[in-house]
Amino acid sequence: QGWSIAGGLRHFWTPELRSNLFASYAKVEFDEVFEDSDFHEWQVGTNLLWSPVSGLTIGGEVQYINVQSDFDDSENDFWTARLRVQRDF
């Protein structure tokens, strides 16, 4: 069985410039056969997006992810970043 929760907040600095803050937490527990495979993870990230004209978005995003596993008592940290150029028609 498992469950998760996620949320986010968007703020418009100007009509063309906005940022988002988002986070989530998930926990998964297996039955006694795979009990050592339980894990939980949490994530937090933010981005900044600029839309100079209708249908065009340019921005950057950074995200941190932490995963803890009972399988080998490990804890792994990940950082991701991306540059986004999106054109909608």
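The values are calculated or read from the model by the stated rules, or taken from the named source; none is laboratory data. Just so it is clear, the structure is predicted and the values come from calculations on it, not from any experiment. Cβ coordinates were reconstructed from backbone atoms using ideal geometry, including for glycine residues, and neighbour counts include every protein chain displayed. Areas reflect the complete protein model, heavy atoms only, side chains present, ligands, DNA and RNA absent. Shrake-Rupley method; radii C 1.70, N 1.55, O 1.52, S 1.80 Å.
The single condition among (1) at pLDDT 95 or above; (2) of a type outside the set (Ser, Thr, Tyr); (3) touching a Gly at 6+ places or on another chain (Cβ under 6 Å) that Trp79 does not meet is (3).
Within the range 23-30, is there a residue that is open to solvent by 50 Å² or more (accessible area, probe 1.4 Å) and in a loop (DSSP other than H, G, I, E, B)? Yes, the range 23-30 contains at least one residue that is open to solvent by 50 Å² or more (accessible area, probe 1.4 Å) and in a loop (DSSP other than H, G, I, E, B). Inside the range 67-89, can you point out the residues that are assigned to a strand (DSSP E or B), surrounded by 10 or more Cβ atoms within 10 Å (Cβ to Cβ) and among the aromatic types (Phe, Trp, Tyr)? The one that is assigned to a strand (DSSP E or B), surrounded by 10 or more Cβ atoms within 10 Å (Cβ to Cβ) and among the aromatic types (Phe, Trp, Tyr): Phe78.
The residues in the range 40-66 that are of a type in the set (D, E, K, R) and not in a strand (DSSP E or B) can be counted, and the count is 0.
Within the range 42-66, the set of residues being within 20 Å of the chain's Cα centre (by Cα), open to solvent by less than 50 Å² (accessible area, probe 1.4 Å) and not aliphatic (A, V, I, L, M) comprises Gln43, Gly45, Asn47, Thr57, Gly59, Gly60, Glu61, Gln63, Tyr64, Asn66.
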